[in-house]
Amino acid sequence: QVQLAETGGNLVQPGGSLRLTCAVSGTNIGGAAMKWYRQVSGNEREWVATISTRGTTTYADNVKGRFTISRNKPTNTLYLQMNNLRPEDTAVYYCSASILLRQYWGQGTQVTVGS
């Protein structure tokens with residue numbers, strides 16, 4: 001079955017950087033629309049970025065220019081490079097795979113931006 005596992009979350013100071021990793025098994029990420037979402041406790045899950053099957057990337061306005069989504073097909077891994085982090089980026093970050101009208105999720109990784 002399809003499984004996703006995020007790693008890389010941490011505590012970082014404002015202005016710092018983190019790279020999140022999503023290891024994918026059970027499917028080829030080249031054949032799926034891969035996305036990152038984030039969620040603050042008590043709020044709805046928020047879409048962050050997408051990389052399409054063709055490699056086209058799109059971003060939410062509040063992360064555009066600071067975050068970069070990418071993928072490594074040979075290792076079946078999805079990434080989210082986050083630069084110039086702000087306190088409002090604090091959230092649990094989730095990767096997601098959209099395959100044949102189904103959406104699969106990882107368990108999430110906590111990112112905390114603060115001093």
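Here the 3J(HN,Hα) profile of region 101-111, calculated from phi with Karplus coefficients 6.51, -1.76 and 1.60 at θ = phi - 60°, is 6, 10, 10, 10, 10, x, 8, x, 9, 7, 10 Hz, Gly and Pro shown as x.
Find the percent of Cα-Cα distances in the chain that exceed 19 Å, and round it to a whole number. For the chain, the fraction of Cα-Cα distances above 19 Å is 40 percent. Along the axis of the charge dipole computed for region 10-86 (Cβ charges of +1 for Lys and Arg, -1 for Asp and Glu, origin at the Cα centre), the listed residues L85, A60, T21 are led at the positive end by T21.
Taking θ as phi - 60° and the Karplus parameters 6.51, -1.76 and 1.60, the scalar couplings of region 79-96 work out to 10, 9, 8, 10, 10, 6, 5, 10, x, 6, 7, 4, 4, 8, 9, 10, 9, 9 Hz in sequence order, x denoting glycine and proline. Here D61 and L101 are evaluated by their C-beta separation; at R0 = 25 Å the FRET efficiency comes out at 0.40. Here the spin labels are modelled as points 7 Å beyond Cα on the Cα-Cβ line, and at V40 and R19 they lie 2.8 nm apart. Solvent exposure of the chain amounts to 53 Å² per residue of accessible area, where only protein heavy atoms count and the probe is 1.4 Å. Around the Cα centre of the chain, unit charges on the Cβ atoms of Lys, Arg, Asp and Glu (plus for the first two, minus for the last two) sum to a dipole of about 340 debye. Spatial offset of region 87-115 relative to region 1-40 amounts to 6 Å, using the alpha carbon center of each. Here the accessible area of the chain is 47 percent carbon and sulfur, with a 1.4 angstrom probe and all protein chains present.
Protein-only accessible surface at a 1.4 angstrom probe places the residues K35, K64 in the order K64, K35, largest first. If you plug the beta carbon distance of W47 and N83 into 1/(1 + (r/R0)^6) with R0 = 30 Å, you get a FRET efficiency near 0.95.
The values are calculated or read from the model by the stated rules, or taken from the named source; none is laboratory data. Just so it is clear, the model here is predicted, and its values are computed rather than measured. Counting neighbours? That spans all protein chains shown, and the Cβs are built from the backbone with ideal geometry, glycine included. Keep in mind that these areas ignore ligands, DNA and RNA; they rest on the heavy atoms of the full protein, side chains included. Shrake-Rupley method; radii C 1.70, N 1.55, O 1.52, S 1.80 Å.
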